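Okay, so here's the structure we're looking at.
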Amino acid sequence: MTEHLNHFIKGASFEASDGRRINLVNPVTEQVYGSSAQGTTEDVDRAVAAAHRQLEGGAWSQLDGAQRGQLLSKLADLVERDTELLADMDANAIGRSPIEPRRMDLPNAIANLHAAAGWANQLEGRTIPTGGYFGTKTLSYTVREPVGVVGAIVPWNSPLMITVWKLAALLAAGCTVVIKPSEETPQSALHLAVLAQEAGFPDGVINVVTGYGNEVGRALCEHPLVAKISFTGSPEAGREIQRTAGVLFKRVALELGGKSPQIVFDDASFEDALRGCALGLFANQGQVCAAGSRILVHRSIADRFGAALADAAQAVNVGDPRQPGVQMGPVAKKAQFDRVNRYIQLGIDQGASLLAGGVSTPERGWFVRPTIFTNANNAMAIAQDEIFGPVGTLITFDSEEEAIALANDSSYGLAATVWTTDLVRAHRVAAAVKAGAVGINCWSPLDANLPWGGVKTSGIGREGGFAGAVAYTEEKVITVLLPS
Ligand code: NAD
């Protein structure tokens, strides 16, 4: 079936203003299976205008928090109803097994929408005691107002879930949105917008403009009526967005990349750590921002752990993810395939040893073999750069201090995992590691109520939890003079 996808603006489907289109390519077959509208500045103008009208006296602006919450609950139910369809959309677009989004992305997205339904009615202001105004008493209170039209720019690796992280919070806060999905994965965002219409959200509250980052993304960042950019993606694009939107004083939230350490102490449960490290390396073909791609292992268990991890890598059944028994599909696109292979070659050239995998040369499809390096050091490119593929780098340490120093010797700081059965050490190391989220004996737990985001090059701001909704508001203070 050939997919013909268009923008969704003010409740209706639109071609790009100049008719251009972007091909959608299947990563398993490398065949074109459809196309999406290649958005223009004019398309962005139209979508932002629709979103802005809803805030300026439109039906959306008249709803209170409880009413917004009811709509979010309905949307959650519809997403649940269409779980299989949405999981298939995301999986097919990037060659991922649909089992992962069914088990992980969709339940998380549904939980986020339900949680946000509750947040919508809890965005309270404060009353603040003050010293009065030139001798006269005053009453000062604050209200939380929606920040305005949000430009939500989303990557391809977990498109529905990441779109919902933004959408749930900003709708709870009373904002409206123009979503720019990744050019590889527009399907689920478009379906989400249709479901929102079915739930009863007024047309124009949720708009989707498909297209490229340097056209649609840039136009959102430059648009005078866009108040906030919520971006998830690479540090390179994040830097560009910060430059463009930042100078215009737009609010900017950046969820960027990672090179997350998994620290395996010699007292860890070997089997648990092995399972967790394999999951952190190979889930979604390693195309996960929190991928635990730096495995820091105590020297006394390093050989045994490396051998076991290599066995686990070799046991992964790579192929067409729709076939039974296949655990890992291809990486999402040709550029990603080239990037992962380039880094594997760089690891070899810089002197690391392969325990499993290596440069891949499949006949067709962007398949990469799960790859494990050992004899690596933390200065190598494979230890410092985000590869975004199923590639793990093992580095040994001798002491807890060294493990912490290695963990923190990174420009990134998104996530980290500590594997140990020593409770005191677990908390001590978790406190010392510079990251937005640390898992103790579990890799990258996600929950609608937990904040998510990074330090250093991993980004600015947090999504998730009640504070994630607060981040889409401005606090306004109102002071009334109370003469006696
Ligand atoms: P990307 O930066 O290439 O693209 C992300 C989105 O930004 C796409 O929609 C793209 O079209 C758009 N874009 C690109 N350049 C832009 C520009 N100059 N202005 C405006 N928009 C622009 O990233 P990707 O390859 O889609 O995703 C992979 C990256 O995303 C990895 O670095 C990964 O770690 C990161 N990521 C982070 C998180 C997180 O929560 N921290 C989650 C998932 C992915």
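Structure summary
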item	result
Subset of the stretch 331-356 (residues that are closer than 18 Å to C277 by Cα and in contact with a helix residue (DSSP H, G or I) (Cβ under 6 Å, 6 or more places away or on another chain))	L355, A356
Filter pass, A227 being closer than 30 Å to W443 by Cα and either out of contact with any Asp or Glu (no Cβ under 9 Å at 6 or more places or on another chain) or in contact (Cβ under 8 Å) with a residue 40 or more places away in the chain (or both)	no
Scan of the stretch 336-365 for residues that are within 17 Å of A313 (Cα to Cα), of a type in the set (A, V, I, L, M) and not in a loop (DSSP other than H, G, I, E, B), ordered by number	V340, I344, L354, L355, A356
Criterion (without any contact (Cβ under 8 Å) to a residue 12 or more places away in the chain and within 18 Å of L414 (Cβ to Cβ)) met by exactly one of A435, A471, A431, A467	A431
Qualifying positions in the stretch 190-214 - more than 17 Å from L71 (Cα to Cα) and either touching a helix residue (DSSP H, G or I) at 6+ places or on another chain (Cβ under 6 Å) or near the ligand (Cβ under 9 Å from one of its atoms) (or both)	V208, V209, G211, Y212, G213, N214
Sole exception among (1) away from the ligand (no atom under 13 Å from the Cβ); (2) surrounded by fewer than 21 Cβ atoms within 10 Å (Cβ to Cβ) for L171, by number	(2)
Pair list, Cβ under 9 Å, 6 or more apart: the stretch 233-247 residue under 22 Å from I387 (Cβ atoms) and at pLDDT 95 or above, other residue more than 7 Å from the ligand (Cβ to nearest atom) and small (G, A, S)	P235/S411
Unique residue being within 22 Å of E183 (Cα to Cα) and either small (G, A, S) or in contact with a His (Cβ under 8 Å, 6 or more places away or on another chain) (or both) when the list is A315, A352, A310, A335	A335
Qualifying residues in the stretch 225-261 (those that are part of a strand (DSSP E or B) and more than 9 Å from the ligand (Cβ to nearest atom)) - the one surrounded by the fewest Cβ atoms within 10 Å (Cβ to Cβ)	R251
Which listed residue is away from the ligand (no atom under 16 Å from the Cβ), within 27 Å of P101 (Cα to Cα) and assigned by TED's automatic domain parsing to the domain that holds V205, from T136, T176	T176
Yes/no for V252 being outside the structural domain of S399 (by TED's automatic domain parsing) and modelled with pLDDT of 95 or more	yes
Entirely in the stretch 366-484, the helices (runs of 4 or more DSSP H) that have 1 or more residues that are surrounded by fewer than 24 Cβ atoms within 10 Å (Cβ to Cβ) and not assigned by TED's automatic domain parsing to the domain that holds T163	381-384, 400-408, 423-432
Hits in the stretch 349-365 - residues which are loosely packed, with under 15 Cβ neighbours inside 10 Å and not basic (K, R)	D349, G351, S353, T361, P362, E363
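Residues checked against (1) assigned to a helix (DSSP H, G or I); (2) of a type outside the set (D, E, K, R); (3) touching a strand residue (DSSP E or B) at 6+ places or on another chain (Cβ under 6 Å); (4) not assigned by TED's automatic domain parsing to the domain that holds I94:
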site	(1), (2), (3), (4)
A278	yes, yes, no, yes
N284	yes, yes, no, yes
A308	yes, yes, no, yes
Q314	yes, yes, yes, yes
R322	no, no, no, yes
G325	no, yes, no, yes
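The values are calculated or read from the model by the stated rules, or taken from the named source; none is laboratory data. Keep in mind it's a predicted model, so treat the numbers as computed, not measured. Positions of Cβ are generated from backbone atoms using ideal geometry, with glycine treated the same way; all protein chains shown enter the neighbour counts.
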